[in-house]
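The values are calculated or read from the model by the stated rules, or taken from the named source; none is laboratory data. From a predicted model like this one, the values you see are computed outputs, not experimental measurements. Virtual Cβ from ideal backbone geometry, glycine too; neighbours counted across all protein chains shown.
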Amino acid sequence: MKAKAAEKTSKRAPSPRRSPSVDEVPTVSRLSPRVPAAHKGIVSGVVVTPAQIRRRVHELARAIQSDFGDREWVVVALLNGSVLFVADLVRELHGPLILDFIGVSSYGDGTESGNLVYTKDLKLEVAGRDVLVVDDILDTGRTLSEVIRRLRSLGAQRIRTCVLLDKPSRRVVKQGADYIGFQIPDWFVVGYGLDYAERYRHLPFIGVLRPEVIAAAARERVR
Ligand code: XMP
């Protein structure tokens, strides 16, 4: 990985077949003001467009496919934020793979992560299997590191991690990911699965949530 954000989740050396483009994680440092008219009141700028997401998902999938090879692996996607991302990602993978979901929620104030609670357990057996964990965003690192701990305790053999977004400046736990879509600054983002109070997951792009939206939601809560 370009930035040292990627503390490998397994000590195994990366596959020499890994595509170079996946190791060069694009860093987004500026927002595009070209917000679709319908969403101008919600986001102040676009972080990644639908076309950029499509291209990057394709690159990530190529690298994952060549690293995992022919032995069936389990894709474990974290609910709810990774749903749109994993749906696009698995359609770019040839497999062989099986897909399952794990529910983890952090209870904070909506923009800060708090204590982790499992809301849905895995259905598939991961003992002795290769696993790819997929999440929307790596922020403090607490969620991914807890899920890795759980998968290890369930006997998963080889665990790789893939996140669409990485906010390295926010890290609290020493945790990276093996495949990263984009690195972003400390912005609170919504869209393409990412929510604020369960809203805005459906946006086809990723944008920075306007502070006024957060302030209005806080006023609603007080009432
Ligand atoms: P941690 O801090 O455990 O966070 O790495 C991972 C989870 O926190 C949520 N998160 C966000 N959600 N916009 C969101 O909609 C953000 O900017 C953001 N940052 C963190 C997310 O659910 C992720 O899985």
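I'd like the full set of residues that are over 14 Å from the mean Cα position of the chain (by Cα), in a loop (DSSP other than H, G, I, E, B) and either hydrophobic (A, V, I, L, M, F, W, C) or buried (at least 16 other Cβ atoms within 10 Å of the Cβ) (or both), limited to segment 123-146.
Within segment 123-146, Leu124, Val126, Arg129 qualify.
Just to be sure I understand the filter: pairs with C-beta atoms under 6 Å, separated by 6 or more residues or on different chains, first member in segment 64-89 and within 22 Å of Thr49 (Cα to Cα) and free of Cβ contacts under 8 Å to residues at least 40 places away in the same chain, second member of a type in the set (A, V, I, L, M, F, W, C) and within 16 Å of the ligand (Cβ to nearest atom). Which pairs pass?
none
Any residue that is of a type in the set (Asp, Glu), surrounded by fewer than 19 Cβ atoms within 10 Å (Cβ to Cβ) and either within 11 Å of the ligand (Cβ to nearest atom) or within 29 Å of Pro26 (Cβ to Cβ) (or both) - is there at least one of those in segment 213-223?
No, every residue in segment 213-223 fails to be of a type in the set (Asp, Glu), surrounded by fewer than 19 Cβ atoms within 10 Å (Cβ to Cβ) and either within 11 Å of the ligand (Cβ to nearest atom) or within 29 Å of Pro26 (Cβ to Cβ) (or both).
Mind checking which residues of segment 134-188 are within 11 Å of the ligand (Cβ to nearest atom), in contact with a strand residue (DSSP E or B) (Cβ under 7 Å, 6 or more places away or on another chain) and among the hydrophobic types (A, V, I, L, M, F, W, C)?
Val134, Ile137, Leu138, Leu144, Val147, Val163, Leu164, Leu165, Ala177, Ile184, Trp187, Phe188, listed by residue number.
Determine, yes or no, whether Ala77 is assigned to a strand (DSSP E or B), within 20 Å of Leu194 (Cβ to Cβ) and out of contact with any His (no Cβ under 8 Å at 6 or more places or on another chain).
yes
Return the pairs, sorted by first residue and then second, in which the second residue is hydrophobic (A, V, I, L, M, F, W, C) and within 11 Å of the ligand (Cβ to nearest atom), the first residue lies in segment 203-223 and is assigned to a helix (DSSP H, G or I), the beta carbons are less than 8 Å apart, and the residues are 6+ apart or on different chains.
Ile214/Phe188; Ala217/Ala197
Residue check, Lys123 against (1) near the ligand (Cβ under 10 Å from one of its atoms); (2) farther than 30 Å from Ala218 by Cβ, all met but one. Which one?
Result: Lys123 fails condition (1) only.
Looking at segment 85-95, is at least one residue within 13 Å of the ligand (Cβ to nearest atom), buried (at least 17 other Cβ atoms within 10 Å of the Cβ), within 30 Å of Glu125 (Cβ to Cβ) and at pLDDT 95 or above? Talk me through it step by step, then tell me what you get.
Going through segment 85-95, the residues within 13 Å of the ligand (Cβ to nearest atom) turn out to be 85-86.
Cutting the leftovers down to buried (at least 17 other Cβ atoms within 10 Å of the Cβ) gives us 85-86.
If we keep only those that are within 30 Å of Glu125 (Cβ to Cβ) too, we end up with 85-86.
With the extra rule that they be at pLDDT 95 or above, the set shrinks to 85-86.
Checked segment 85-95: at least one residue is within 13 Å of the ligand (Cβ to nearest atom), buried (at least 17 other Cβ atoms within 10 Å of the Cβ), within 30 Å of Glu125 (Cβ to Cβ) and at pLDDT 95 or above.
Return a yes/no flag: does segment 145-164 have any residue that is in contact (Cβ under 8 Å) with a residue 60 or more places away in the chain and of a type in the set (S, T, N, Q).
Looking through segment 145-164, at least one residue is in contact (Cβ under 8 Å) with a residue 60 or more places away in the chain and of a type in the set (S, T, N, Q).
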